[in-house]
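First the structure, in the form of structure tokens, and then the observations on it.
The values are calculated or read from the model by the stated rules, or taken from the named source; none is laboratory data. Keep in mind that this is a model prediction, so the values were computed, not measured. Positions of Cβ are generated from backbone atoms using ideal geometry, with glycine treated the same way; all protein chains shown enter the neighbour counts. Note: areas computed on protein heavy atoms with side chains; ligands, DNA, RNA excluded. Shrake-Rupley method; radii C 1.70, N 1.55, O 1.52, S 1.80 Å.
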Amino acid sequence: MNSTLVIGSQFGDEGKGKIVDYLAEKADCVVRYQGGNNAGHTVVVNGKIFKLHLLPSGTIRKKNSFIGAGVALDPRVLKQEIASLEKEGIKVNLHIDPRCHIVLPYHNIIDIGKEEALKEKNIGTTRRGMGPCYSDRASRIGIRFDDLVAEKRFKEKLDWNFPYYVDLCKKVLGKTFDFTQEEVFQEYVSLGKEFKKYLTDVSIAVNNCLDKGKNVLFEGAQGTLLDNDFGTYPFVTSSHPTSGAATTGVGVAPQKLKTVIGIVKAYTTRVGAGPFPTELKGEEANTLRNAGNEFGTTTGRPRRVGWLDLPLLRLSNRLNGFTELTITKLDVLSGMKKLFIADSYTLEGNKVFEFPYANHLVEKVTPNYVEFEGFTLEEKNKENLREKGFSALPYTAKKYLSFIENKINVPIKMVSFGAERNDLLKK
Ligand code: IMP
Ligand code: MG
């Protein structure tokens, strides 16, 4: 049994796509288990940029790909992504669990309508219909992949859902649809027919892979602080971007999960609203945002940026049980004179090391920073790194990294210092 989980330790966008791509080389199977096309995973291969939202990033490596039961699946997006990879000569080898819930066009409208109705209290969702789709699942009115592939079952479910949401959207949210039930039915039945060949009991298939000792790579989407329970609720996503979700979102037992890699960006970013204790503002923020090209893969929104936050990472490590860490985008900090890491917070006069359980407390914290000398990672340093590995890191960068390692008490096994596949140090 050989399984690896890749988990976002912060607010998402930690650079999981690149690490997954590297790990996928040795994987036999790649699996997604939560979230949907709210995710945006960027992978750069020989200068070519791939942006995937729904398919596991390992699909680019032509691996056996699985979409587990816990994924909210938008079939329109799936169709586009399969087509875009096939255009590049990448044939997808895909398996979709029949239990996956389907995102339908009315979910997007409800997502937008709710955000508008919340006014200044809006969450800043990706507007991809995630909340409404997962709400249907929890309310037990959802339409699953198993229904999509069967015209009769799909019709029955749509006959109930569609008029219900026409009414709700009109009366409660003041939104009308620019599509009819019949149009949705025709389009989605045809998508169902096209995708029927992918239907597989993913729980059985992945368990078989694990039992045969194959390498299975579980690709998390979003980040831990966006967890529906343990994140900064209500400024969170509607699924669980934590390691436990790999069990419920695929249908495998927890003891089958072995290596849990926490992906930690060398600083912190957040897209959308919600508390962010180490956030930077003004010129400092602009410099970091531009250096890191911190603009959303899915929505293009400028990301909020700030220093690395250890109370946040302690929460993340507690929830996920990281066996190793990967630090990403270290090169983005290059050239900054001083760097800062928040080791603790002051909350109502007390020093606290753990991330508080609720936003009204998180909003009151002041980070206590430890200051570090900056470092330079220019092209010539990068060449050196590619050749010599970890030892070639500037002394001050090593100090920055070992501080994180010692404080979180999890070994750093990889460090990424650029977008390309080769810009990766391994221990
Ligand atoms: P939703 O997942 O679209 O409902 O959005 C809920 C919150 O999660 C918003 O703050 C989004 O910006 C954030 N979010 C969702 N997916 C991602 C992601 O893949 N990366 C970063 N933030 C995300
Ligand atoms: Mg992303």
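What to note about this one:
- Residue match in the range 341-348 (condition: open to solvent by less than 10 Å² (accessible area, probe 1.4 Å), in contact with a Ser or Thr (Cβ under 6 Å, 6 or more places away or on another chain) and away from ligand 2 (no atom under 16 Å from the Cβ)): yes
- Taking the numbered list (1) touching a helix residue (DSSP H, G or I) at 6+ places or on another chain (Cβ under 7 Å); (2) within 16 Å of ligand 2 (Cβ to nearest atom); (3) of a type outside the set (A, V, I, L, M) in turn, ASN293 passes all entries but (1).
- Residues in the range 45-66 that are among the hydrophobic types (A, V, I, L, M, F, W, C) and in contact with a helix residue (DSSP H, G or I) (Cβ under 7 Å, 6 or more places away or on another chain) were compared, and the one that is nearest to ligand 2 (Cβ to nearest atom) is LEU52.
- LYS157 vs. criteria open to solvent by 40 Å² or more (accessible area, probe 1.4 Å), in a loop (DSSP other than H, G, I, E, B) and either in the same structural domain as ARG301 (by TED's automatic domain parsing) or touching a helix residue (DSSP H, G or I) at 6+ places or on another chain (Cβ under 9 Å) (or both): no
- Picking from residues in the range 81-101 that are assigned to a loop (DSSP other than H, G, I, E, B) and of a type outside the set (Asp, Glu), the one that is farthest from ASP146 (Cα to Cα) is GLY89.
- Complete set of residues in the range 1-51 that are within 15 Å of ligand 1 (Cβ to nearest atom), hydroxyl-bearing (Ser, Thr, Tyr) and open to solvent by less than 30 Å² (accessible area, probe 1.4 Å): SER9, TYR33
- Sole exception among (1) assigned to a loop (DSSP other than H, G, I, E, B); (2) open to solvent by 10 Å² or more (accessible area, probe 1.4 Å) for VAL410, by number: (2)
- Pairs with Cβ under 6 Å, 6+ apart, first in the range 31-56 and at positive phi, second within 14 Å of ligand 2 (Cβ to nearest atom) and not hydroxyl-bearing (Ser, Thr, Tyr): GLY35/ALA221; GLY35/GLN222
- Members of the range 303-320 that are more than 13 Å from ligand 2 (Cβ to nearest atom) and either open to solvent by less than 20 Å² (accessible area, probe 1.4 Å) or at pLDDT below 95 (or both): VAL305, GLY306, TRP307, LEU308, ASP309, LEU310, PRO311, LEU312, LEU313, LEU315, SER316, ASN320
- Contact map, the range 270-289: residues that are in a strand (DSSP E or B) paired with residues that are among the basic types (Lys, Arg) and within 16 Å of ligand 2 (Cβ to nearest atom), Cβ distance under 8 Å, separation 6+ or inter-chain. Pairs shown: ARG270/ARG303; ARG270/ARG304; GLU279/ARG270; GLU279/ARG304.
- Odd one out for ASP147, checked against (1) open to solvent by 20 Å² or more (accessible area, probe 1.4 Å); (2) under 23 Å from LEU191 (Cα atoms); (3) assigned to a helix (DSSP H, G or I): (1)
- Of all residues in the range 339-365, those satisfying the criterion of being within 21 Å of ILE408 (Cβ to Cβ) and part of a strand (DSSP E or B) are LEU339, PHE340, ILE341, ALA342, ASP343, SER344, TYR345, THR346, LEU347, LYS351, VAL352.
- If you go through the range 229-243 and pick out every residue that is in contact (Cβ under 8 Å) with a residue 60 or more places away in the chain, over 13 Å from the mean Cα position of the chain (by Cα) and open to solvent by 10 Å² or more (accessible area, probe 1.4 Å), you end up with 4.
- A single entry from THR269, THR323, THR299 fulfils the requirement of being open to solvent by 40 Å² or more (accessible area, probe 1.4 Å), assigned by TED's automatic domain parsing to the domain that holds GLU378 and modelled with pLDDT of 95 or more: THR323.
- Long-range neighbours under 6 Å by Cβ, at least six apart or interchain, first residue hydrophobic (A, V, I, L, M, F, W, C) within the range 324-339, second open to solvent by 10 Å² or more (accessible area, probe 1.4 Å): VAL332/ALA291; MET336/GLY374; LEU339/PHE372; LEU339/GLY374
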